[in-house]
Amino acid sequence: MIYLTPGPTQLYPGLEEAMLDCLRRDVGSISHRSGAFQKIYAETENNLRTLLGLPEDWHVLFLPSATEAWERIPRSLVLRRSDHLVCGAFSKKFYEFAVGLGLEVGKWEAPTGQGVTPLMVQAPKETELLAITHNETSTGVQCPALDITKLSEAYPHALVAVDAVSSLPYPAFDYHAIDTAFFSVQKCFGLPAGLGVWLVGPRAVEKAEKLQSVGHNPGPHHNLLSLVKMAKKHQNPNTPNVLGIDLLGYVTAAMLRKGIDTIRTETELKAKLLYDFASKSDVFTPSVAVEAHRSRTVVVLDTKLSSAKVNELLEPFGMKVGSGYGDKKDSQLRIANFPMHSVETIEALCQQLQIQQAYA
Ligand SMILES: *Cc1c(COP(=O)(O)O)cnc(C)c1O
């Protein structure tokens, strides 16, 4: 079965052999304080740095999941106020975490299926953090990388935090315009769940240090500074997902061999195949109207056939797509367009959806 679901999803090719290799190298047994682990951390970190074009002064931190970053970021970096761009369930949760921490929080929300444009954000100039979801996995709305740069320029005093959980490594961010970003490995990296990656730039570290110096309490669990301190030694404060970090090293090495430019070009080509097909169909329609806001990595289509019926018809052909999110479970499809999904697979999917139209 090929899983075109938006995470967990199809595993990256070659993982079976990579997992066996982990077992043979005792990756599940080595100490997380050993040189062997530090080497694994360093290698995965270096691969990610090259793949994403991450500047030398950025840190690569490991968390149990991206959800944790929703809390760590406002808790470590905001004293009073953060502002959130909301365009679906995931960006809303990021906002709710900040509310739950007792901060003063601004919410700049787009109607369902639309993106938040920079003009819609009217945060006070002194806001400390702009939280932007690059790819909203529930609605298939993306925030163009250029809009993120524009917002960063409009709020020079604010840190910019980007949830890129279901899009990295696709977006080519200007890392000088943002201060922190994060993702989970079960989306575009095609790994089993249980590892979040938190990327942290120098302005974020500076802010956390400044808050620490005025006695701000970032909570009893890890915070940005405790994680950075250990990351400098290629370690984690807790026992991390060593297997996941090693396998991420494998996947990022494979992506580097393929080339980030090829990955980006293919992602755009496959997204275009799906949107072009749906634009001509009477049964499947792109649910995001504005082209610039259509996600390139999670293609959401309105469907006249129920998502369950679509998957029932796809099953004999060895494919499975994601259903809609929440109350759109039946009436939308969420189709993952991640690096492990080949052009041939997306072409085959379009062909099957074409045939399925007769059932509507
Ligand atoms: C999946 C997802 C998350 C949460 O990731 P977890 O690994 O479940 O913690 C956060 N944000 C977005 C946009 C996501 O797609």
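If we keep just the residues of the range 73-94 that are within 16 Å of the chain's Cα centre (by Cα) and buried (at least 20 other Cβ atoms within 10 Å of the Cβ), which is nearest to the ligand (Cβ to nearest atom)? Explain how you work it out, then say what you get.
Looking only at the range 73-94, we keep the residues that are within 16 Å of the chain's Cα centre (by Cα), and these are 73, 85-94.
When the remaining residues are screened for being buried (at least 20 other Cβ atoms within 10 Å of the Cβ), the result is 73, 85-88, 90-91, 94.
Working: Ile73: 12, Leu85: 12, Val86: 12, Cys87: 10, Gly88: 8, Phe90: 4, Ser91: 7, Phe94: 7 Å.
Selected residue: Phe90.
For the range 164-205, how many residues are closer than 19 Å to Trp70 by Cα, surrounded by fewer than 24 Cβ atoms within 10 Å (Cβ to Cβ) and charged (D, E, K, R)?
Total satisfying the criteria: 1.
Please specify each residue of the range 87-106 satisfying the condition of being closer than 12 Å to Leu130 by Cβ and in a strand (DSSP E or B).
Val105, Gly106
Would you check if Glu109 is open to solvent by 10 Å² or more (accessible area, probe 1.4 Å), within 16 Å of the ligand (Cβ to nearest atom), over 30 Å from Glu268 (Cα atoms) and of a type in the set (Asp, Glu)?
Values: open to solvent by 10 Å² or more (accessible area, probe 1.4 Å): yes; within 16 Å of the ligand (Cβ to nearest atom): yes; over 30 Å from Glu268 (Cα atoms): no; of a type in the set (Asp, Glu): yes.
Taking the combined requirement at face value, the residue does not satisfy it.
Contact list please: Cβ distance under 7 Å, first residue in the range 248-261 and small (Gly, Ala, Ser), second residue not in a helix (DSSP H, G or I), pairs at least six apart or on different chains.
Within 7 Å, the pairs are Ala254/Tyr12; Ala254/Gly14.
Please verify whether the range 44-62 includes one or more residues that are within 16 Å of the ligand (Cβ to nearest atom) and at pLDDT 95 or above. Don't jump to the end; show me each part of the working.
Filtering the range 44-62 down to residues within 16 Å of the ligand (Cβ to nearest atom) leaves 61-62.
Imposing the further condition that a residue be at pLDDT 95 or above reduces the set to 61-62.
Yes: the range 44-62 contains one or more residues that are within 16 Å of the ligand (Cβ to nearest atom) and at pLDDT 95 or above.
Read through the list (1) over 18 Å from Thr239 (Cα atoms); (2) crowded, with 19+ Cβ neighbours inside 10 Å, then give the number of the only condition that Arg49 fails.
Answer for Arg49: the failing condition is (2).
Being touching a Phe, Trp or Tyr at 6+ places or on another chain (Cβ under 6 Å) and in a loop (DSSP other than H, G, I, E, B) is the filter here; which residues of the range 187-207 pass it?
The answer is Cys188, Gly190, Gly201.
Under 9 Å between Cβ atoms, at least 6 apart or on separate chains: pull out the pairs that start in the range 151-169 with a residue that is free of Cβ contacts under 8 Å to residues at least 24 places away in the same chain and end on any residue that is away from the ligand (no atom under 15 Å from the Cβ).
Listed by first residue and then by second, the contacts come to Pro156/Lys125.
Within the range 212-230, how many residues turn out to be over 18 Å from Ile30 (Cα atoms), part of a helix (DSSP H, G or I) and of a type in the set (A, V, I, L, M)? Show your work before the answer.
Step one: filter the range 212-230 for residues over 18 Å from Ile30 (Cα atoms), giving 212-229.
Subsequent filtering for residues that are part of a helix (DSSP H, G or I) retains 212-213, 224-229.
Next, from what is left, pick out any that are of a type in the set (A, V, I, L, M): 224-225, 227-228.
Total meeting the criteria: 4.
State all residues of the range 108-127 that are under 23 Å from Phe183 (Cβ atoms) and touching a residue at least 40 places away in the same chain (Cβ under 8 Å); if no residue qualifies, say none.
Gly115
Identify, from the list Gln352, Gln357, the residue that is touching a helix residue (DSSP H, G or I) at 6+ places or on another chain (Cβ under 8 Å) and at pLDDT 95 or above. Give the steps one after another, and end with the answer.
Values: Gln357 fails: touching a helix residue (DSSP H, G or I) at 6+ places or on another chain (Cβ under 8 Å).
Just one listed residue meets the conditions, Gln352.
Would you check if Ile132 is open to solvent by less than 20 Å² (accessible area, probe 1.4 Å), closer than 21 Å to Arg294 by Cα, within 16 Å of the ligand (Cβ to nearest atom) and assigned to a strand (DSSP E or B)? Talk me through it step by step, then tell me what you get.
Numbers: open to solvent by less than 20 Å² (accessible area, probe 1.4 Å): yes; closer than 21 Å to Arg294 by Cα: yes; within 16 Å of the ligand (Cβ to nearest atom): yes; assigned to a strand (DSSP E or B): yes.
Here the answer is yes, as Ile132 does meet what is asked.
Under 8 Å between Cβ atoms, at least 6 apart or on separate chains: pull out the pairs that start in the range 318-346 with a residue that is among the hydroxyl-bearing types (Ser, Thr, Tyr) and end on any residue that is in a loop (DSSP other than H, G, I, E, B).
Taking only residues 6 or more apart or on different chains, the pairs are Ser323/Lys329; Ser323/Asp330; Tyr325/Gly88; Tyr325/Thr137; Tyr325/Ser138; Tyr325/Thr139; Ser331/Ser306; Ser331/Gly324.
Look through Leu119, Leu101 and report the one residue that is surrounded by fewer than 22 Cβ atoms within 10 Å (Cβ to Cβ), farther than 23 Å from Gly219 by Cβ and away from the ligand (no atom under 16 Å from the Cβ).
Details: Leu101 fails: farther than 23 Å from Gly219 by Cβ.
Answer to the check: Leu119.
Give me the pairs: first residue in the range 61-83 and of a type in the set (Asp, Glu), second residue in a helix (DSSP H, G or I) and within 14 Å of the ligand (Cβ to nearest atom), beta-carbon distance under 6 Å, and six or more apart or on different chains, which are they?
Listed pairs, sorted by first residue: Glu71/Phe97.
Condition (residue is open to solvent by 30 Å² or more (accessible area, probe 1.4 Å), more than 16 Å from Gly244 (Cβ to Cβ) and of a type in the set (Ser, Thr, Tyr)) applied to the range 15-30: is it met by at least one residue?
no
Considering only residues that are of a type in the set (Ser, Thr, Tyr) and open to solvent by 20 Å² or more (accessible area, probe 1.4 Å), which ones fall in the range 140-163?
Within the range 140-163, the first condition is being of a type in the set (Ser, Thr, Tyr), and the residues that meet it are 149, 152, 155.
Once the filter is applied, which keeps residues that are of a type in the set (Ser, Thr, Tyr) and open to solvent by 20 Å² or more (accessible area, probe 1.4 Å), the range 140-163 yields Thr149, Ser152.
Identify the residue in the range 173-186 that is assigned to a strand (DSSP E or B) and not β-branched (Val, Ile, Thr) and, among all such residues, is farthest from the ligand (Cβ to nearest atom).
First pass over the range 173-186, keeping only residues assigned to a strand (DSSP E or B): 180-184.
This time we only want the ones that are not β-branched (Val, Ile, Thr), so: 181-184.
Working: Ala181: 11, Phe182: 8, Phe183: 8, Ser184: 3 Å.
Among those that are assigned to a strand (DSSP E or B) and not β-branched (Val, Ile, Thr), it is Ala181.
The values are calculated or read from the model by the stated rules, or taken from the named source; none is laboratory data. Everything numeric in this text was worked out from a predicted model, so none of it was measured. Because the Cβ atoms are built from the backbone with ideal geometry, glycine has one as well, and the counts that use them run over all protein chains shown. Surface accessibility is based on the protein's heavy atoms, side chains included, excluding ligands, DNA and RNA. Shrake-Rupley method; radii C 1.70, N 1.55, O 1.52, S 1.80 Å.
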